[in-house]
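Take a look at the structure set out below.
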Amino acid sequence: MLASVNQLLQIVAIGVLSIFRPPYRWKNYLREISFVGSESFLVVIICVSFAAIVTIIEASYHMTLVVQSDAMVPGFASLLIIRELGSVITALLIGSRVGAGWAAEVASMKISEQIDALKLLRIDPIKYLVSPKIVGSVLGTLLLGLAANIICLICAMFVTKLKLGYPMPTFISMTKLFVEVQDLVFASLKLMTFGFVVPIIACFYGFRAKSGAEGVGSATTQAVVSISVAIIFLDFVLSYVFSHFY
Amino acid sequence: MSRILEFQNIKKSFSGREVLKGISFEVNKGDIVFILGTSGTGKSVLLKNLVGLLRPDSGAIIWHDKDISQYSEEQYLEVRKNCCLVFQQPALFDSMTLYENIAFGLRRLTNLNEEELDKQVRDSLKAVDLKEEILSLKPAAISYGMQKRLSIARSLCLNPEILLFDEPTTGLDPVSTQAINQLIFRLSRKYDTTSIVVSHDMHCALDIADYIIVLDKGKIVEQGDVDKIKCSEVPLVKDFLQEVLDANS
């Protein structure tokens, strides 16, 4: 247990510090940003769009039931999307798609002795493998999350018009009324935090992989489960902290 | 012949399980030394101790009259430049082309300019009987046997003093196995390189080894030249020899 914590802290410390130490492998950074951003874009957009539709439908049903009015739905839904849905859904999807890929990549490198080969060439595997993934994941998750929020809001706006009959300018003005700049700042902080934990956990399990195909599979599964739990837990912690500023 | 390397009473344990129980032997310059033994006897652990991927719990590894077992990571750089390990798996970097795979180590560990580096890459490829046309390919595009050869070229291009082979023929068909064994022999003689080969292939050891060490349960149970091994009365060695006889018949 102590050894695992030590290894995790080592990955965090060396992974972060190495970002600021030469040699800077820009190609690797760009590759990871592209891996996170472009390749996850479509799946994230599809999922947040459906989440937006469900949010509007559910919110309107319950608000009508409880307060006999759905006038607050656009503003309430926008706030929920910005504060929670956009960030958490994006992070969970990146965690399961990108995190699984990274865990499998590192685990395969471990069992095929590529990690040892790196060490023999005096290359720190954490600097070589983890640091670019941290940069790629933090920036990629932030950009993708902000894009997801925008798409999610647009989707919500269309559903509000079609289902509830509110015109688009009403949705926009309600959004402006409910959502403040600090909500966007907190959403960005959440996204960057989620983006940070994905490569850390994925590589941690990758480095610990046991030999064989089963070892790679097991490392990948453990990584995805842990990433999902970490994101949900961190969402709670950050939401609690941010609630003191509202 | 001059002694180039010496293992002195090397011990290594993992989670309380003693894998190496006091291994001592010497390696002479230019020799091909085979370390034989069944799986899990600590053969690969021995090689990894030499290149610093693992550190012995006790004992000394003497290389050029210096105990390298206590070297720092920085000091190990010199050892790793001169003692190159060819892994059991080809361990080629999937994201790089074959050219980049060979050149990667040269870029990291030498000060060659691009022209010299290019020549070194192509020379080492030729030495392992591979064609230059494959250099632009990724590792996944060539066969496992070719990957093994390329991993030897990757180590060879550094002009090492000692080449370490960790089960170089594992997973290969008999024809490729024979070809790799002959390649080890040819490279060792041509470049006057000392080779330490970890294997369980007694047939190959009898063919090309100058010196054979047999490990069992973390201890050396027999060592000597081919003639001595052939006459050994140690049960494990006799089992290995019997397998060779069975295969030949």
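The values are calculated or read from the model by the stated rules, or taken from the named source; none is laboratory data. These numbers come from a predicted model, not from an experiment. In this analysis, Cβ positions are derived from the backbone assuming ideal geometry, glycine residues included, and neighbour counts consider all displayed protein chains. In case anyone asks, the SASA skips ligands and DNA or RNA and just uses the protein heavy atoms, side chains included. Shrake-Rupley method; radii C 1.70, N 1.55, O 1.52, S 1.80 Å.
List of remarks:
- Set side by side, the residues A:87, A:60 differ, and just one is more than 19 Å from residue A:236 (Cα to Cα), touching an Asp or Glu at 6+ places or on another chain (Cβ under 9 Å) and more than 14 Å from every other protein chain (Cβ to nearest Cβ), which is A:60.
- Single match in B:228, B:219 (criterion: at pLDDT 90 or above, basic (Lys, Arg) and more than 26 Å from residue B:189 (Cβ to Cβ)): B:219
- Residue check, residue B:41 of a type in the set (Val, Ile, Thr), closer than 17 Å to residue B:158 by Cβ and more than 9 Å from chain A (Cβ to nearest Cβ): no
- Within the stretch B:73-85, not a single residue is more than 13 Å from chain A (Cβ to nearest Cβ), within 18 Å of residue A:116 (Cβ to Cβ), in a helix (DSSP H, G or I) and open to solvent by less than 10 Å² (accessible area, probe 1.4 Å).
- Within the stretch A:113-144, considering residues that are in contact with a Phe, Trp or Tyr (Cβ under 9 Å, 6 or more places away or on another chain) and hydroxyl-bearing (Ser, Thr, Tyr), the one nearest to the other protein chains (Cβ to nearest Cβ): A:131
- Among residues of the stretch A:231-246, those that are without any contact (Cβ under 8 Å) to a residue 40 or more places away in the chain and part of a helix (DSSP H, G or I), counted: 6
- Among the candidates A:97, A:21, A:83, A:31, residue that is on the phi < 0 side of the Ramachandran plot, without any contact (Cβ under 8 Å) to a residue 60 or more places away in the chain and open to solvent by 20 Å² or more (accessible area, probe 1.4 Å): A:97
- Top-ranked residue in the stretch B:98-119 [being under 16 Å from residue A:117 (Cβ atoms) and surrounded by fewer than 17 Cβ atoms within 10 Å (Cβ to Cβ); ranked as nearest to the other protein chains (Cβ to nearest Cβ)]: B:108
- Counting only strands (runs of 3 or more DSSP E) that sit wholly inside the stretch B:143-249, those with at least 1 residues that are touching a residue at least 12 places away in the same chain (Cβ under 8 Å) and over 30 Å from residue B:100 (Cβ atoms) are B:211-216, B:219-224.
- Residue in the stretch A:1-18 that is least open to solvent (accessible area, probe 1.4 Å), counting only those that are touching a residue at least 60 places away in the same chain (Cβ under 8 Å) and of a type in the set (A, V, I, L, M): A:11
- Which listed residue, of A:69, A:108, is in contact with a helix residue (DSSP H, G or I) (Cβ under 7 Å, 6 or more places away or on another chain), open to solvent by 10 Å² or more (accessible area, probe 1.4 Å) and not in a helix (DSSP H, G or I): A:69
- Every listed requirement among (1) basic (Lys, Arg); (2) more than 30 Å from residue A:166 (Cβ to Cβ); (3) not in a loop (DSSP other than H, G, I, E, B) is met by residue A:21 save one, (3).
- Only one of the listed residues (B:31, B:94) is within 14 Å of chain A (Cβ to nearest Cβ) and either touching a residue at least 24 places away in the same chain (Cβ under 8 Å) or of a type in the set (Phe, Trp, Tyr) (or both). That residue is B:94.
- Filtered residues of the stretch B:1-37 (kept if part of a loop (DSSP other than H, G, I, E, B) and open to solvent by 60 Å² or more (accessible area, probe 1.4 Å)): B:1, B:2, B:15, B:16, B:29
- Scope the stretch B:44-53; condition open to solvent by 10 Å² or more (accessible area, probe 1.4 Å) and of a type outside the set (Gly, Ala, Ser); matching residues: B:45, B:48, B:53
- No other residue among A:164, A:139, A:143 is more than 20 Å from the chain's Cα centre (by Cα), touching a residue at least 60 places away in the same chain (Cβ under 8 Å), open to solvent by 20 Å² or more (accessible area, probe 1.4 Å) and more than 16 Å from residue A:79 (Cα to Cα) apart from A:164.
- Members of the stretch B:52-72 that are in contact with a helix residue (DSSP H, G or I) (Cβ under 6 Å, 6 or more places away or on another chain) and in a loop (DSSP other than H, G, I, E, B): B:52, B:53, B:54, B:56
- Residue check for residue B:122: open to solvent by 60 Å² or more (accessible area, probe 1.4 Å), free of Cβ contacts under 8 Å to residues at least 60 places away in the same chain, in a helix (DSSP H, G or I) and within 14 Å of chain A (Cβ to nearest Cβ): no
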